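Novice: This structure is in structure tokens; I'll ask about it shortly.
The values are calculated or read from the model by the stated rules, or taken from the named source; none is laboratory data. A quick note: this is a predicted structure, and the numbers were derived from the prediction, not measured. No Cβ is skipped: glycine too gets one built from the backbone with ideal geometry, and neighbour counts run over all protein chains shown. Accessible surface areas use protein heavy atoms only, side chains included; no ligands, DNA or RNA. Shrake-Rupley method; radii C 1.70, N 1.55, O 1.52, S 1.80 Å.
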Number of protein chains: 6
Amino acid sequence: MFVHRIGTDIVMKKVELRHAEELFRLMDRSRSRLRQWLPFLDITKSIEDTRNFLKYSMDQNAANNGCQVGIWYKGEFAGIIGQHTINWSNRSTSIGYWLGDGFEGKGIMTKACYAMLEYSFLDLELERVEIRVATGNLKSKVIPERLAFVQEGCIRHAEWLYDHYVDHFVYGLLRDEFLHMTKKS
Amino acid sequence: MFVHRIGTDIVMKKVELRHAEELFRLMDRSRSRLRQWLPFLDITKSIEDTRNFLKYSMDQNAANNGCQVGIWYKGEFAGIIGQHTINWSNRSTSIGYWLGDGFEGKGIMTKACYAMLEYSFLDLELERVEIRVATGNLKSKVIPERLAFVQEGCIRHAEWLYDHYVDHFVYGLLRDEFLHMTKKS
Amino acid sequence: MFVHRIGTDIVMKKVELRHAEELFRLMDRSRSRLRQWLPFLDITKSIEDTRNFLKYSMDQNAANNGCQVGIWYKGEFAGIIGQHTINWSNRSTSIGYWLGDGFEGKGIMTKACYAMLEYSFLDLELERVEIRVATGNLKSKVIPERLAFVQEGCIRHAEWLYDHYVDHFVYGLLRDEFLHMTKKS
Amino acid sequence: MFVHRIGTDIVMKKVELRHAEELFRLMDRSRSRLRQWLPFLDITKSIEDTRNFLKYSMDQNAANNGCQVGIWYKGEFAGIIGQHTINWSNRSTSIGYWLGDGFEGKGIMTKACYAMLEYSFLDLELERVEIRVATGNLKSKVIPERLAFVQEGCIRHAEWLYDHYVDHFVYGLLRDEFLHMTKKS
Amino acid sequence: MFVHRIGTDIVMKKVELRHAEELFRLMDRSRSRLRQWLPFLDITKSIEDTRNFLKYSMDQNAANNGCQVGIWYKGEFAGIIGQHTINWSNRSTSIGYWLGDGFEGKGIMTKACYAMLEYSFLDLELERVEIRVATGNLKSKVIPERLAFVQEGCIRHAEWLYDHYVDHFVYGLLRDEFLHMTKKS
Amino acid sequence: MFVHRIGTDIVMKKVELRHAEELFRLMDRSRSRLRQWLPFLDITKSIEDTRNFLKYSMDQNAANNGCQVGIWYKGEFAGIIGQHTINWSNRSTSIGYWLGDGFEGKGIMTKACYAMLEYSFLDLELERVEIRVATGNLKSKVIPERLAFVQEGCIRHAEWLYDHYVDHFVYGLLRDEFLHMTKKS
């Protein structure tokens, strides 16, 4: 209940405490692949850590500060897409996402990300959505590029990744660009 | 997005801060009828009071302690149904609801309440849902009676209503009773 | 100091942190009998748990939300009677109580409960006091029945008790009924 | 209920929110006399200020950090005696007190203060009770002197009183001194 | 005390509550010029607003999350330079600054900003300092350009300024670049 | 940066989280000497305890309630001098201090304490600074005596020290006395 469906296979739902088990299991078995670009895998050691993330997400949502959305594919928990925060003064947000092992290469995230843009631009009426990707993370860059984001710059040494700094491409999409895109399609 | 649809006319969605204006307008114009049984109408004087209710509701939801759900009918805000709290030790909740002027007599609340039972028994896996109705509130009693709740007692002087105490009928529905009901239908 | 005396043997006092040791000792040695109907015995494993209960009780009292009262019999800690919460809008409370091993069958609790009614109806000027008892808890039912409470209903599956749900009788006493009772006596 | 009686005329009770009206009325009509040495009279302008003081007092008590005790004389609210704070590491507290207009010269405060010493030394098992008095406040100095406190020093410019600094005499009483005093009497 | 001096004329000090008056006076008389690029001037209407900013700044500092530094020129309050936040995982911060009327064109801010870089890179051992400037704010752009920051991109519609969105240039300086710069000078 | 220098050897700086390691190391190796008069040595068992002290100190400073200042001697962490709290109504504070092993007998603390008086009387414009010393702590008494504090009394059983109570001398210095002292020097 209170879900967003895309076609027959994909269901998106704001995460709640009761999703802890399926979320942790997915992270746990996708750990070795995901940790390459997502350092929070290493601090998610037990289901208790996942519960803390979910509590944090529910508080974030209650504070009107963005939400974390679970993605189910054919009934299985497949990944997460979320807003990091919402800047209401400037009406902007940035988005992050990941898919667990076995759910890649099916076009799930492009659709989920498009839904998140609908939510951000149409439901929340934001002006700008940003995606930041480490310059070497080729698979992740595909998403903003497919969705017509503009690459606006490269933030040097933006993130400490285990043992070195990585640079981040900044991609931005504006409300008018999105509305134009939806009209065409 | 993140809604529950019933047929083509009814949409249910957990309330958020951005619903303040339509919620307050509905309460404001339904004030004289609703206040007969709902004393909180009188302390909802401005949209700021509605915003505080919505903040409280979002916090309640984040605390995993129940949710307040808006009901839209043909695109218009029609009313609210919500869980007062969730007792997770005993897996029980109680439900309250109201419809604004012009939305009564269309069967909206019976359907919305049934959806809330699905959410409570199936999504949240609760054991018991309770509805309390002032003994004189004939229109409100119809809902639990239609949905096969059992009347379990009458709590005397349960509520101070402006200038006198009223008694409350307690209606209860158990998980097995609900599952049995859904199988038959 | 700041106590309520009943005859020469019974002293009642709002509990404070410094009662932790005698309270824990009593609970600990009455554990096997009390846990039949009181599941919180099992989560009271050490004096630290009792301290947390006492801190909570002191906060509850400071929030004007009811109080937990220790009962001493001939100088020994004998049990607890407390208000679960106070609903000031409707001026009602509900009461719970227990006696440790060796203090039953002496009429202590009937007197302590009567004192709690005096406190609730006369000092706090409440309108309604409620007592809920599991239908099978015959010894506990005696108290509201002796004190002329009215049985107002039976809440089904009200409480999860270790491995099954139990139903609760609801007993209520109104302010006028209490005042009438005190006049007669 | 939960009171301390001294003879037939004096009743002492930890203050609660419901005492706001009688406390404020007493302060209000004793204002011109009391404000000479008690600057908080001037910031107690309405009953709301008194309610805030009472809330603060209940929180102080819940934090195990001392209590404020109301004194009733022949059924009328007469004054306050309270502990400013409790230092549990060193087991010490300090005491302040005042009586409203019409209640002075009857020996009420000496008795109330003695009761507060019993509470501090016997119930709470403290080691030291301190009273500080502005050097010019002759009436207030009488209390510690009557109760055999030792004058231990004079703190210069201890307090800003409207338009100048005043010095404070420090009086101290130790546990053994109190126990010895009670034995003799 | 606890200040940083640059030559004989400039003193920098973390702001505290007691600076409220001189800070507010400076903002108040520089209002019309500063508000062109700094929308917070319009919500700084009274000294109370400035006090709230200072409380916030002291809390920010206590949370190890950056600091706001006052700049005095020849004994007069001249402006503010501060860190917006510190990201300790990635060891980065961003910096903002302004000078009041009459203090521009003297090279004060370039020196103050250089001191802030020393504090960020040497005291706090951060890896990256960022400055964001609205593309049309020519005077402000001079600072990072003089201090050898690299322009890394242009964030479109980054900020809502009264009635339209403005784009932000992002300037970044890395620890090694700063150390190299200090060696040369 | 943001330091106070005395001559070429002494640097004073408000403590921050990043000083945890050098502070803990100093306390740890000075433990056996310092604990004679400072019972908090025994509850400072690991660097985590020192971090909590530093967090507390930063919060104290942010609350405008006094500060803890580190003393470095020839580049090495030598000790701490701090205000216990600030009473802004009466504009008074009290001061405590200690030096680690190897830093005594060099006149460091007298200078640091004088600086703290400058900060208290000149920067903060306080009226009164107090120092309390256990009567047997001969080395510590030297500081207020050298700085012309007046001994104002002796508080009996002021502090529980491991296994017995100790008395405290109270020393006070007033603003005018300090200003007079600085004029002469």
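Novice: From the set of residues in segment F:152-185 that are under 21 Å from F:LEU126 (Cα atoms), at the interface with chain D (Cβ under 8 Å from one of its Cβ atoms) and in contact (Cβ under 8 Å) with a residue 24 or more places away in the chain, which is farthest from the chain's Cα centre (by Cα)?
Specialist: The qualifying residue farthest from the chain's Cα centre (by Cα) is F:LEU174.
Novice: Something else: Taking the criterion of being buried (at least 18 other Cβ atoms within 10 Å of the Cβ), at pLDDT 95 or above and closer than 30 Å to E:LYS13 by Cα, would at least one residue in segment F:160-168 satisfy it?
Specialist: No.
Novice: Count, please, the residues in segment F:144-164 that happen to be in a strand (DSSP E or B) and farther than 24 Å from F:GLY100 by Cα.
Specialist: So the answer is 10.
Novice: Hey, another quick one. Within segment D:42-55, can you find the residues that are under 15 Å from the mean Cα position of the chain (by Cα) and more than 10 Å from every other protein chain (Cβ to nearest Cβ)?
Specialist: If the condition is that a residue be under 15 Å from the mean Cα position of the chain (by Cα) and more than 10 Å from every other protein chain (Cβ to nearest Cβ), then D:PHE53 is the only one that fits.
Novice: Quick one: in segment B:56-78, of everything that is within 9 Å of chain A (Cβ to nearest Cβ), aliphatic (A, V, I, L, M) and open to solvent by less than 20 Å² (accessible area, probe 1.4 Å), which residue is nearest to B:THR93 (Cα to Cα)?
Specialist: B:VAL69
Novice: Quickly run through segment A:96-117 and pick out the residues that are within 14 Å of chain B (Cβ to nearest Cβ) and either among the aromatic types (Phe, Trp, Tyr) or farther than 28 Å from A:SER30 by Cα (or both).
Specialist: Selection gives A:TYR114 alone.
Novice: Then there is this: Tell me, yes or no, whether segment F:135-143 has at least one residue that is touching a Leu at 6+ places or on another chain (Cβ under 9 Å) and not in a helix (DSSP H, G or I).
Specialist: No: zero hits.
Novice: Considering only residues that are in a loop (DSSP other than H, G, I, E, B), within 30 Å of D:HIS157 (Cα to Cα) and not charged (D, E, K, R), which ones fall in segment F:79-108?
Specialist: Across segment F:79-108, the qualifying residues are F:TRP88, F:SER89, F:ASN90, F:GLY107.
Novice: Which residues, taken from segment B:83-105, are in contact with a strand residue (DSSP E or B) (Cβ under 7 Å, 6 or more places away or on another chain) and closer than 18 Å to B:ASN137 by Cα?
Specialist: Correct list: B:SER94, B:ILE95, B:GLY96, B:TYR97, B:TRP98, B:LEU99, B:GLY100, B:PHE103.
Novice: Answer yes if at least one residue in segment E:145-158 is basic (Lys, Arg) and either exposed (fewer than 14 other Cβ atoms within 10 Å of the Cβ) or closer than 29 Å to E:ASP42 by Cα (or both), and no otherwise.
Specialist: yes
Novice: Consider E:THR93 against the criteria (1) under 15 Å from the mean Cα position of the chain (by Cα); (2) open to solvent by 30 Å² or more (accessible area, probe 1.4 Å); (3) within 14 Å of chain A (Cβ to nearest Cβ): it satisfies all of them except one. Which criterion is unmet?
Specialist: Here E:THR93 clears every test but (2).
Novice: Go through segment B:138-149 residue by residue and tally those that are free of Cβ contacts under 8 Å to residues at least 60 places away in the same chain and over 15 Å from B:PHE121 (Cβ atoms).
Specialist: 7
Novice: A further question follows. Looking at segment F:10-27, can you tell me whether even one residue there is within 13 Å of another protein chain (Cβ to nearest Cβ), under 15 Å from the mean Cα position of the chain (by Cα) and free of Cβ contacts under 8 Å to residues at least 40 places away in the same chain?
Specialist: The answer is no, given that none of the residues of segment F:10-27 is within 13 Å of another protein chain (Cβ to nearest Cβ), under 15 Å from the mean Cα position of the chain (by Cα) and free of Cβ contacts under 8 Å to residues at least 40 places away in the same chain.
Novice: Another one. If you take the residues in segment C:119-133 that are assigned to a strand (DSSP E or B) and open to solvent by 10 Å² or more (accessible area, probe 1.4 Å), which one is farthest from the other protein chains (Cβ to nearest Cβ)?
Specialist: Filtering first and then ranking leaves C:ARG132.
Novice: Do you know which residues across segment A:126-143 are out of contact with any helix residue (DSSP H, G or I) (no Cβ under 8 Å at 6 or more places or on another chain) and not aliphatic (A, V, I, L, M)?
Specialist: Answer for segment A:126-143, where residues must be out of contact with any helix residue (DSSP H, G or I) (no Cβ under 8 Å at 6 or more places or on another chain) and not aliphatic (A, V, I, L, M): A:GLU130, A:ARG132, A:THR135, A:GLY136, A:ASN137, A:LYS139, A:SER140, A:LYS141.
Novice: Something else about it: Which one of the conditions (1) within 14 Å of chain E (Cβ to nearest Cβ); (2) surrounded by 16 or more Cβ atoms within 10 Å (Cβ to Cβ); (3) out of contact with any helix residue (DSSP H, G or I) (no Cβ under 9 Å at 6 or more places or on another chain) does F:TRP88 fail to meet, given that it meets all the rest?
Specialist: Status for F:TRP88: all satisfied but (2).
Novice: Can you tell me which of (1) buried (at least 20 other Cβ atoms within 10 Å of the Cβ); (2) more than 30 Å from D:VAL166 (Cβ to Cβ); (3) of a type in the set (Val, Ile, Thr) is the one F:ILE81 doesn't meet?
Specialist: (2)
Novice: Further question on the same structure: Do you know which residues across segment C:56-72 are aliphatic (A, V, I, L, M) and either modelled with pLDDT under 95 or more than 17 Å from the chain's Cα centre (by Cα) (or both)?
Specialist: Listed by number, the residues that qualify are C:ALA62, C:ALA63.
Novice: Let me ask you something else. So is B:PHE178 outside any strand (DSSP E or B) and not charged (D, E, K, R) or not?
Specialist: Considered against the rule, which asks whether it is outside any strand (DSSP E or B) and not charged (D, E, K, R), B:PHE178 comes out as yes.
Novice: Separate question: State whether the residues of segment B:18-33 include one that is of a type in the set (Ser, Thr, Tyr) and farther than 28 Å from A:ARG5 by Cα.
Specialist: Yes, some residue in segment B:18-33 is of a type in the set (Ser, Thr, Tyr) and farther than 28 Å from A:ARG5 by Cα.
Novice: A follow-up question, please. Kindly check whether there is at least one residue in segment D:109-118 that is open to solvent by 10 Å² or more (accessible area, probe 1.4 Å), more than 30 Å from C:ALA20 (Cβ to Cβ), of a type in the set (S, T, N, Q) and not in a helix (DSSP H, G or I).
Specialist: no
Novice: Still on this structure, please answer the following. Scan segment A:55-78 and tell me whether some residue there is under 27 Å from B:ARG18 (Cβ atoms), free of Cβ contacts under 8 Å to residues at least 24 places away in the same chain, assigned to a strand (DSSP E or B) and β-branched (Val, Ile, Thr).
Specialist: No, the conditions are met nowhere in segment A:55-78.
Novice: Scanning segment A:16-50 for residues that are assigned to a helix (DSSP H, G or I) and among the polar types (S, T, N, Q), which turns out most open to solvent (accessible area, probe 1.4 Å)?
Specialist: Taking the candidates together, the pick is A:SER32.
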